[in-house]
Amino acid sequence: MSVKGVDTASDPQGVEESYFEKKESFYDYVDSIVNDDDLIDEYFAVNSTPAREFVEVCAWLNRQFKNGYSSVQEFSFSADFHYVLNDIKETDKRQGKHQASLCVDYLIRFAEFIRVRNGFEEAIELHKEALRIEDSVFDRKRPIYSFSLYRLALSLCKMGKLEESEKVFADALEEAKKCFGENTSETASWMNNFAVCLRSKGRLEKALSFILRSLQIDRNTLTMAIEEKEIEMSKGRVTNAVVDKVRLDEAIDSAKSNLALDLHNVALLFVEVGEVEKGSKAELEALGIDFKRSEEGKQLILPKMDTIVEIFKRLRQFKPAEALLRQELQRRRAMHSDDPQVIAAVLQLLAKVCGWQDNLEEAETLMKESLSLHQECDFEDVVEELPDELVFLGDVCTKLGKVKEALQFLQEALEILKETRDPQLKLIAKIHHDIGNLHRRLGEQDLALASLMQSAEMRKRVLGPIHPALGDTMNAIAGVHADMGKMQDAAEYYSFVLKIFRKVYGNESEQVASALNNLAMSLSDLGDYTQALQFEEECMNIRERIHGEQSGVVGSTLNNKACILRAMGRLEEAELDYILAISIGELTMGRDHPEVSLRKNNLGEVYISMNRYKEAEPLLRESIKQSSEKLGPDHPRVGIALNNLALLLGDIGKYEEASKLQRQLLKIDEQEYGKQNIFVARDLHNLGKYLRQMGQLQEAETVIRKALSMREQVLPPKHQHIGTSMNNLALCLRAKGETEKALEIGQKACEILEVSLGKSHKWTIAAKEHWHVD
């Protein structure tokens, strides 16, 4: 590449001005051809030597990238880069302003070639070199000086160097005012982008003042362009002058484009400063202008439709967004019926808007149509689009209860993400999280745990150890451990979640309250009732302050607190909390709600412990009836009430009926949780007790030993449930005549119960009486 043969002129200043006048169209054309070498010869035929040589530069640069540079950074360290740069700088060494002007032009275009390929650092240095030449050669600042300042500011802003960017933007704006005038579209454009920089720094009020000034200028420019055309038309000057008419029409369209962009940016800023109604009004005006242009055959100039839809989402104006998209979908079906990608883009957005409005069936249908259109295209052309569609369908199907279909969509998304250039680790981590939750819903706990652990590892690596998304995944992992009966592991994960949420959300938050509740329940299952009660009371205090004392979530917390009190033997306190929880539940959810039925069941269990069987039995039978009608006879919630009714029947000596209910419950829990689970162990323990009391000792021993083995695998060695199972086994062995063995196991049971429940608990006292332990 060389700049030899550049034409010179006797009047360099005249060359500069005429050359700059051509620059706007020249820049646009170069932008369109630097990626297409086949168009270069066409441009050679009609343009001057300087322009021709610069196109040669752009084409040569483009070929270097095609020949294997993986990034601008790699290119910037290459001999090619320095060859180009040194050759351009040679121009500066020649005498005369014309050569310097060309050098500045080449540097700026070279900088832009680098900048649009994300080589911001290199672009910054090239723009600074161009500005240095301008300062040293020219006595007065030319328009291109403002342009270079402006592009330098954009690169600095992209690099995150906002302080320096703001200063350079301010200088560029002042130069624009000098070169173009205070009220020109060029100055308005500079103001617009300066506002974007200020917005990035969070200086919203100042940004808004600049963008409103830009808006005012562009409104005036449009008005003047329309008036100019009307005047020319009225004088008959453009009747036969097609070129002038085209020029006037282009000026009007350019002003409309600028105005639409101004209004769009104004809408963004109004929303950010809380002026939602003003933001909505501005965005709707912008859309009106742009769609009117599209009806005239012009290309849409507003940002992508997804940006516009996002504004409507933030404004919570879903209906206008839906109407806009349906109109656009109809337009694209008519104009681009042979281009499935163009139609699919709108279908995706429309599906999302329907999803935001909980119109899930419609959202599913639209996104499936989009997916179908993309599957007709070349995989390489749509590989970046497919994962988002599949993840969306996974989310929608999950909400619709189509768990297996959701799982299929998400697994397909994972496979496609392996083929994409961008690893999208955050999205992959989310998909693993969602897949884990779906496996959990299907009762596939091992698969659930594996997926969730992958998600947690990725989120920790990508987002850091203190992030709400990581907390959500850890919370799900804890839930799986609880489902598997691994309560110690569950408690450890819930404790970690609590630490994350305290740091992220602060102590007075629902997220922290939820974490406290989950940790309290897991500690209660481990028998650490004192600590569990402390956490549950903290949870209740937070929720009362946030939601109010009669809120539904406070009723749920009261129920959980009562469960802990019941386990501690504080039955009168538990009774009062259950009664209040039922009252709040009936008020907020209705008398027949399954959650209210559960609380009635819990109160019935307290009455059993208090030997108030006549009060307990109707509560339990009502709970079973209501839960079965609402949830089905095999639902785990029905099983809870069945368990307590069986306990009641066992306590009053109706062992046969109790064992029948217990077998029914065992079947429900095995289907829900698998055959190795803490709830299954409870069912086996109780069934063994009833069989023992019925004299069916051989089966009773087998069942009780199985329950004890399960509990020993998942619970701490001194847990109360291990103690009760040992006591149950010892009583069975004594009934079989194995007295010595029974005494040994019974005494161990007494030790465990005393440690876990205390000396005064009724279970401890009863066991000691059986085995004559002081």
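Worth a mention:
- Sum of side-chain charges, Ala282 neighbourhood, beta-carbon under 11 Å (Lys, Arg +1; Asp, Glu -1): -3
- Applying the criteria of a DSSP loop state and at most 10 other Cβ atoms within 10 Å to the trypsin sites (Lys or Arg not before Pro) of region 410-468 yields Lys418, Arg421.
- Filtered GluC sites (Glu not before Pro), region 535-586: DSSP coil and at most 13 other beta carbons within 10 Å: Glu549
- Nearest-10 value in Å² for the accessible area of Leu743, using the 1.4 Å probe: 70
- Region 679-770: trypsin sites (Lys or Arg not before Pro) in DSSP coil with no more than 15 other Cβ atoms inside 10 Å: Lys718, Lys736, Lys759
- Accessible area per residue in Å² at 1.4 Å probe, computed on region 357-459: 49
- Take every Cα pair under 8 Å whose residues are at least 6 apart in sequence, average their separation, divide by the length of region 651-774, and the relative contact order is 18 percent.
- When +1 charges are put on Lys and Arg Cβ atoms and -1 charges on Asp and Glu Cβ atoms, the dipole computed for region 542-639 relative to its Cα centre reaches about 100 debye.
- Each residue of region 489-500 was assigned a 3J(HN,Hα) from its phi angle through the Karplus expression (A = 6.51, B = -1.76, C = 1.60, θ = phi - 60°), giving 5, 4, 5, 5, 5, 4, 5, 5, 4, 4, 4, 4 Hz with x at Gly and Pro.
- In sequence order, calculated HN-Hα J values of region 441-451 (Karplus, 6.51, -1.76, 1.60; Hz; x Gly/Pro): 5, 8, x, 9, 5, 5, 5, 4, 5, 4, 5
- Heavy atoms of Lys667: accessible area, 1.4 Å probe, square angstrom to 10: 130
- Extension gain for Asn611-Glu586 works out to 6.4 nm (0.36 nm per residue, less the C-alpha to C-alpha distance).
- Region 131-190: relative contact order as a whole-number percent, Cα under 8 Å and 6+ apart: 31
- Overall shape: oblate for region 666-736, with the ratio a/c of the largest to smallest alpha carbon gyration tensor axis at 1.5 or above and b/c at least equal to a/b.
- With an a/c value of 1.5 or above and a/b not larger than b/c for the gyration tensor axes a ≥ b ≥ c computed over the alpha-carbon atoms, region 575-647 is described as oblate.
The values are calculated or read from the model by the stated rules, or taken from the named source; none is laboratory data. Please read these numbers as outputs of a predicted model, since none were measured by experiment. Cβ sites come from the backbone with ideal geometry, for glycine too, and all protein chains shown count toward neighbours. Just the protein is used for accessible areas: all its heavy atoms, side chains included, with ligands, DNA and RNA removed. Shrake-Rupley method; radii C 1.70, N 1.55, O 1.52, S 1.80 Å.
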